[in-house]
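Visitor: Following this message is one structure expressed as structure tokens.
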Ligand SMILES: Cc1cc2nc3c(=O)[nH]c(=O)nc-3n(C[C@H](O)[C@H](O)[C@H](O)COP(=O)(O)OP(=O)(O)OC[C@H]3O[C@@H](n4cnc5c(N)ncnc54)[C@H](O)[C@@H]3O)c2cc1C
């Protein structure tokens, strides 16, 4: 993948040394297509010499959420003004049984949530049925992390935010007004 997964490069190998890495969830279409099954992408694909040494290392990490396998994700970005306000979005996530995700500044700059909740190029590449981006501009490094989401909903007070270019549904408005109303409406449907 090049430019954070925006384009896929094709390469012809000209020597015997190659290192290939793939992001999980990054090529779902290839996994699905049996002719292109990843099993064809094995050592036999290349003329390889026998491995001199194979090193396998597995590291356990303490994790409370697995966004990769989440079917619904509600994510927050820098549009949230302070940490206490995350509760407003959590209520919405709970109403629809979604996991809470976020953009990088929420983890790196503010340290309000743990890295396991960061969605994007340097976070987790996700592929949920529903992704709700709240107060997230949709910069490329975030957008590549959600390109396999089936339905993207964006709530942003800037109608020109790039997230609206990739969203299936968009609400232009202040998240502090929109999110509580949406939560109440969805809760009413769930309670019916
Ligand atoms: C090498 C590299 C890797 C990166 N990896 C990642 C990554 O994995 N994931 C990631 O997310 N980012 C990543 N980034 C950072 C990325 O470039 C963006 O800076 C980041 O995604 C922006 O986060 P944001 O959308 O929350 O913030 P902003 O870009 O500041 O957007 C905030 C948005 O909130 C809206 N807003 C403000 N107030 C309100 C309100 N009251 N109601 C509604 N909307 C409001 C604004 O209109 C704006 O669109 C990476 C950057 C680099 C250089």
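Visitor: Just checking, which of 155, 166 is within 12 Å of the ligand (Cβ to nearest atom) and assigned by TED's automatic domain parsing to the domain that holds residue 88?
Guide: Values: 166 fails: within 12 Å of the ligand (Cβ to nearest atom).
Step by step, each of 155, 166 is checked, and only 155 is within 12 Å of the ligand (Cβ to nearest atom) and assigned by TED's automatic domain parsing to the domain that holds residue 88.
Here's the yes/no breakdown for (1) exposed (fewer than 11 other Cβ atoms within 10 Å of the Cβ); (2) at pLDDT below 85; (3) not assigned by TED's automatic domain parsing to the domain that holds residue 175; (4) not in a helix (DSSP H, G or I):
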{"site": "23", "(1), (2), (3), (4)": "no, yes, yes, yes"}
{"site": "51", "(1), (2), (3), (4)": "yes, yes, yes, yes"}
{"site": "55", "(1), (2), (3), (4)": "yes, yes, yes, yes"}
{"site": "95", "(1), (2), (3), (4)": "no, no, no, no"}
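Visitor: State all residues of segment 109-143 that are over 19 Å from residue 167 (Cβ atoms) and assigned to a helix (DSSP H, G or I); if no residue qualifies, say none.
Guide: Passing the criteria: 115, 116, 117.
The values are calculated or read from the model by the stated rules, or taken from the named source; none is laboratory data. Keep in mind it's a predicted model, so treat the numbers as computed, not measured. Glycine gets a Cβ as well: all are built from the backbone with ideal geometry, and neighbour counts include every protein chain shown.
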